[in-house]
Amino acid sequence: MGAAGGRLRFWDSSALLALAVREPFSEWLDLLLRRDPDVALWWGAILDCVEALVEVRRRERVTEAGFERGRALVDQLRARAFEVQPSEEVRARALRILTVHPLRADRALQLAAALVWCREHTQGVGFVCLDDTLRLAAAQEGFRVLPYAGEVHEPEP
């Protein structure tokens, strides 16, 4: 399974988290996921999401029930997703990414996983992300960043 098989998109942890904890783009992401329910993601994205869910629960931005709903949603997404596993190939790309983009290692790994997943054929491939720095790096690598990034590419048809 890969990017060539249709409209499958790569989702980073910031976009996954916005599905689990209501944020300004959550409704738009819900619609995107309903329209195209197939998801590709990095193996570590689930860890990022659970870490963030625990933090918002700690800060009382979400109730215990909200935390459980968010955790269940993240688990459901993972169960049906194509998950890019850790590998030397992902690490090599992440090391290159760290030298050319101002990203932290966790975000470089997500972008590297997306590149491995689509076999570096990024033209027209969707990269769903809410993190501004990662969005810019993904667009510079050739991905079609969603939500739409007008400063980097044309709207999706």
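The values are calculated or read from the model by the stated rules, or taken from the named source; none is laboratory data. What you see is a predicted model; the values in this text were computed from it and never measured. All Cβ positions, glycine included, derive from the backbone under ideal geometry; neighbour counts span all protein chains shown.
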Item to check | Options PRO86, PRO102: the member that is surrounded by fewer than 12 Cβ atoms within 10 Å (Cβ to Cβ) and within 25 Å of GLN140 (Cβ to Cβ) | outcome: PRO102
Checklist outcome for this item: (1) of a type in the set (D, E, K, R); (2) without any contact (Cβ under 8 Å) to a residue 60 or more places away in the chain; (3) surrounded by 13 or more Cβ atoms within 10 Å (Cβ to Cβ); (4) under 23 Å from GLU27 (Cα atoms) all hold for ARG80 apart from (3)
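Condition check ((1) among the aromatic types (Phe, Trp, Tyr); (2) within 19 Å of ALA113 (Cβ to Cβ); (3) modelled with pLDDT of 95 or more) across all residues:
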{"site": "GLY2", "(1), (2), (3)": "no, yes, no"}
{"site": "LEU8", "(1), (2), (3)": "no, yes, no"}
{"site": "ASP12", "(1), (2), (3)": "no, yes, yes"}
{"site": "ARG34", "(1), (2), (3)": "no, no, no"}
{"site": "PRO37", "(1), (2), (3)": "no, no, no"}
{"site": "GLY66", "(1), (2), (3)": "no, no, no"}
Item to check | Cβ pairs under 7 Å, 6+ apart, first in the stretch 6-34 and of a type in the set (Phe, Trp, Tyr), second surrounded by fewer than 18 Cβ atoms within 10 Å (Cβ to Cβ) and outside any helix (DSSP H, G or I) | outcome: PHE25/PRO147; TRP28/PRO147
Item to check | Filtered residue count, the stretch 95-114, keeping only those that are over 14 Å from ASP48 (Cβ atoms) and in contact with a Gly (Cβ under 9 Å, 6 or more places away or on another chain) | outcome: 0
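Has the stretch 116-128 got at least one residue that is under 18 Å from TYR148 (Cβ atoms), surrounded by fewer than 13 Cβ atoms within 10 Å (Cβ to Cβ) and of a type in the set (D, E, K, R)?
If we filter the stretch 116-128 for residues that are under 18 Å from TYR148 (Cβ atoms), which is where we start, we get 122-128.
This time we only want the ones that are surrounded by fewer than 13 Cβ atoms within 10 Å (Cβ to Cβ), so: 123.
Now narrow it down to the ones that are of a type in the set (D, E, K, R): none.
No, every residue in the stretch 116-128 fails to be under 18 Å from TYR148 (Cβ atoms), surrounded by fewer than 13 Cβ atoms within 10 Å (Cβ to Cβ) and of a type in the set (D, E, K, R).
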Item to check | The one condition in (1) farther than 22 Å from LEU136 by Cα; (2) surrounded by fewer than 19 Cβ atoms within 10 Å (Cβ to Cβ); (3) in contact (Cβ under 8 Å) with a residue 40 or more places away in the chain that ALA72 fails to fulfil | outcome: (3)
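Yes or no, residue by residue, for (1) in a helix (DSSP H, G or I); (2) under 14 Å from the mean Cα position of the chain (by Cα):
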position	(1), (2)
PHE67	yes, no
LEU77	yes, yes
PRO86	no, no
ARG93	yes, no
ASP106	yes, yes
LEU115	yes, yes
HIS121	no, no
ALA137	yes, yes
Next on the checklist: Can you tell me which of (1) modelled with pLDDT of 95 or more; (2) in a helix (DSSP H, G or I); (3) under 14 Å from the mean Cα position of the chain (by Cα) is the one LEU19 doesn't meet?
Outcome noted: (1)
